[in-house]
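The values are calculated or read from the model by the stated rules, or taken from the named source; none is laboratory data. Note that the structure is a prediction, hence the values are computed from the model and not measured. Glycine also receives a Cβ, built like all others from the backbone with ideal geometry; neighbour counts cover every protein chain displayed. Note: areas computed on protein heavy atoms with side chains; ligands, DNA, RNA excluded. Shrake-Rupley method; radii C 1.70, N 1.55, O 1.52, S 1.80 Å.
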Amino acid sequence: MNKTAASLGIPTHDGARKGYASGLILATLGAIAFSGKAIIVKLAYRYGVDAITLIMLRMLFALPLFAVMAWWAGRGKPALTGRDWIGVIGLGFSGYYLASFLDFAGLAYISASFERLILYLNPTLVLLFGWLMYRRRATRQQVLGMVVSYAGVLLVFGHELWTGGGGKGGGAAAWGAFLVFLSAVSYAGYLVYSGEFVKRLGSLRLVGLATTVACVLCILQFVLTRPMSVAMQVAPEVIWLSVLNATLCTAVPVLMVMMAIERIGPAVAAQTGMIGPLSTILMGVVILGEPFTPWIAAGTVLVIAGIFVFTRKGR
C-alpha cells in the first residue's frame, strides 16, 4: 500500500515551510504584544507607583494564568527531573524575573522608544552566547543585517543622551540605559537556554513553570521590601493597567515567543523580535506623546533595513 510522507507523520517540505512561517508570525505578534508593556509601564508611572510594586502587581495577576498553563500542559506527562527543575528555576529567574525587574527599573529614567531599541541587543547577545557555548557562528548576512540595524540603534542612543533623556538629565538616561541593557543580557541568556529545554518539556509546559517561578519571586521581592499597605494605596488606574499588562503584554506574548522558538529557534525568534522597537516607537508617539524626531526616524529606517537583510538569510 502506498502511503504519503504526510500520512506517515514525516515532515514534508511544504509542512516545514508552513511551520517556519507560523513561527515567524508568532514571533512577530509576540514582539508587538511585548512592546506594549513599556507603554503600560510608562502610563502607570504617571500615578506615582514604584518599579517593585508595579512588577509585583503585574506578576500577581499573571500568576493564575501561568499556574493553570503549567498544570494543563503537564497532565499525563512524566514528572520533572532534578535537572529539569534547576533549568526551570534558572530560566524563570533570568528570563522573566530579573529581565523584567531591570527593564521596569530602567523605564523610570528613559523613554519607551529608547528602551525598546536597547532591547534590540538581544539578537546579538543570543548569537554571542551561542558562539561561546555551542560554537555557532554568525553568517556574513546576519552580521551585515545587525550592523545596519545597530547603526540605527546607536543613532537614537546618542541623540537620547545628548538631549538629556527627555529632561531627566544625561546621567539618568545613561543609568536607565544601563539597567535596560542588563535586562537584555538576562533575557538573551534565557533565549539561548530555553531552546534546549523546550525540546524536552514542550513550550507550553516550560512557559507555565518558568513564569510561575518568576511570579513568585516578584511577589516575594515586594513582601520583603515593601509594607503590604503600599499595594492597597495605588491608584485604581494602576490596577487596571497591571491587569492589561499581565494578560495582553505578558501571558499571551510569552506563549507566542516560546512556540516560535520551538519552530524557528532562539536566534531567529530574537531577530524577528526587532519589530518590537518599531511598534513601541509608534505607540509611544500616539499614546504617550513622545516626540518622533528626525533622529528616531533615521534610526527606524536603519533598523528596518537591517531586519530586511537578515530575513533574506538562506533564501
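Okay, here's what the table says:
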{"item": "Distance between region 89-164 and region 238-263 - C-alpha centres, whole angstrom", "result": "19"}
{"item": "Translational D in µm²/s for region 45-99 (Stokes-Einstein at 25 °C, 0.890 mPa s, Kirkwood Rh from C-alpha pairs)", "result": "184"}
{"item": "Count, lysine Cα pairs under 29 Å in the chain, 8 or more residues apart or across chains", "result": "10"}
{"item": "Accessible solvent surface per residue of the chain, calculated while the other protein chains remain in place, 1.4 angstrom probe, Å²", "result": "47"}
{"item": "Test item: Cα-centred dipole of region 82-139, Lys/Arg +1 and Asp/Glu -1 on Cβ, debye", "result": "340"}
{"item": "Accessible surface of the chain [probe 1.4 Å, protein heavy atoms]: carbon and sulfur percent", "result": "71"}
{"item": "For the chain: relative contact order, % (alpha-carbon pairs under 8 angstrom, 6 or more apart)", "result": "41"}
